[in-house]
Amino acid sequence: MSSMQSVMHHEMTKAEFLAILDEKLAPIHEVLKSIQAQLDTLSNRQESFAWRVEGLETHANRFFNSMG
């Protein structure tokens, strides 16, 4: 019997299955955490940019109101 057949005949326990699944999914989980961190950074930058634009609009409005 080949090792593959031997593995196929072995009944895997739930714990063994979950351990293998966890091992296989770990790299994907790391990539997803990295992507989430990058998205959080972009979101923070976008929010910061929006605040700056709002501040510029306020200053521009004050400037134009003071002129007229």
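The values are calculated or read from the model by the stated rules, or taken from the named source; none is laboratory data. It should be emphasised that the depicted structure is a prediction, and the values quoted were computed from it without experimental measurement.
Before moving on, here are some points about what is shown:
- Filtering the range 54-68 to residues that are outside any helix (DSSP H, G or I) and among the charged types (D, E, K, R) leaves nothing.
- Hey, ARG62 over 26 Å from the mean Cα position of the chain (by Cα) and modelled with pLDDT of 90 or more or not: yes
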